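Quick notes on the structure that follows.
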Amino acid sequence: MAISRTRRQVRLSRALGIPLTPKAVRYFEKRPYGPGEHGRARKRSESDYAIRLKEKQRLRAQYNIREAQLVRVFEEARRTEGLTGENLVELLEMRLDALVLRAGFARTSAQARQAVVHRHILVDGHIVDRPSYRIKPGQVVMVKPKSQTMVPFQIAAAGEHRDVLPAVPDYLDVNLEKLTFSLLRRPKRDEVPITCDVQMVVEYYSR
């Protein structure tokens, strides 16, 4: 099962042109072209639609969410004052699973999601098991005390994931040893460590 998932992530990474997991990085560096028999020989010219679609798929994959979830957040971003593309990324970044990953409590978005779904995460002292739960500035997130003794979280507390994760962004205040963090303020698009041309995503959904 794990091997199958890893292979899927590697193929997706190569198709989208970005490594989605630490394991995919190694494969991606060795084969920086599309998957499949003809991946290396594919023409570089893509239609405008294909370019926009790829950017949308990149965004979806980096947050590990379903299409319907992305559409809902896009509609909210469009109704919010400001630039729709920047709003979209900022709203996605405030998801609980996204911030659990950014804080270094997990190594991949899938692990972060699993930590939430399996009820290991507290928000202001209460268990929250919805990865899409939106954290508000000032809220405190931590790994449940009982869960902190588990090996995956002990590894995280020791800082073992920092070698494959981006630096902790300025909108988070993290105490890794205590497996706790708080969101200081709403993230800004240029601080969020994802690869995506958000204007292309806006154009995809506005077509």
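Looking across region 62-88, the residues that are open to solvent by less than 20 Å² (accessible area, probe 1.4 Å) and within 10 Å of the chain's Cα centre (by Cα) come down to Y63, I65.
State yes or no: is E203 touching a helix residue (DSSP H, G or I) at 6+ places or on another chain (Cβ under 6 Å) and either without any contact (Cβ under 8 Å) to a residue 40 or more places away in the chain or outside any helix (DSSP H, G or I) (or both)?
On the way: touching a helix residue (DSSP H, G or I) at 6+ places or on another chain (Cβ under 6 Å): yes; either without any contact (Cβ under 8 Å) to a residue 40 or more places away in the chain or outside any helix (DSSP H, G or I) (or both): no.
No, not satisfied.
D129 fulfils the conditions (1) more than 23 Å from G17 (Cβ to Cβ); (2) at pLDDT below 95 except for a single criterion, (2).
Scanning region 99-115 turns up no residue that is farther than 19 Å from E177 by Cα, at pLDDT 95 or above and open to solvent by less than 50 Å² (accessible area, probe 1.4 Å).
To keep it simple, each residue is scored yes or no on (1) hydroxyl-bearing (S, T, Y); (2) touching an Asp or Glu at 6+ places or on another chain (Cβ under 6 Å); (3) surrounded by fewer than 18 Cβ atoms within 10 Å (Cβ to Cβ); (4) closer than 30 Å to D48 by Cα.
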residue	(1), (2), (3), (4)
V143	no, no, no, no
M150	no, no, yes, no
F153	no, no, no, no
R162	no, no, yes, no
K188	no, no, yes, yes
T195	yes, no, yes, yes
V198	no, no, no, yes
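Report yes if S132 is outside any loop (DSSP other than H, G, I, E, B) and touching a strand residue (DSSP E or B) at 6+ places or on another chain (Cβ under 6 Å), otherwise no. Give the steps one after another, and end with the answer.
Working: outside any loop (DSSP other than H, G, I, E, B): no; touching a strand residue (DSSP E or B) at 6+ places or on another chain (Cβ under 6 Å): yes.
The answer is no for S132.
The set of residues from region 169-186 being assigned to a loop (DSSP other than H, G, I, E, B), within 17 Å of the chain's Cα centre (by Cα) and surrounded by 13 or more Cβ atoms within 10 Å (Cβ to Cβ) comprises P169, Y171, R186.
The residues on offer are A77, A68, and the sole one that is in contact (Cβ under 8 Å) with a residue 12 or more places away in the chain and within 25 Å of V116 (Cα to Cα) is A77.
The values are calculated or read from the model by the stated rules, or taken from the named source; none is laboratory data. Only a predicted model underlies this, so the values are computations on that prediction, with no experimental measurement involved. Positions of Cβ are backbone-derived with ideal geometry, glycine not excepted, and every protein chain shown enters the neighbour counts. Side chains are part of the model used for accessible areas, which takes the heavy atoms of the whole protein and leaves out ligands, DNA and RNA. Shrake-Rupley method; radii C 1.70, N 1.55, O 1.52, S 1.80 Å.
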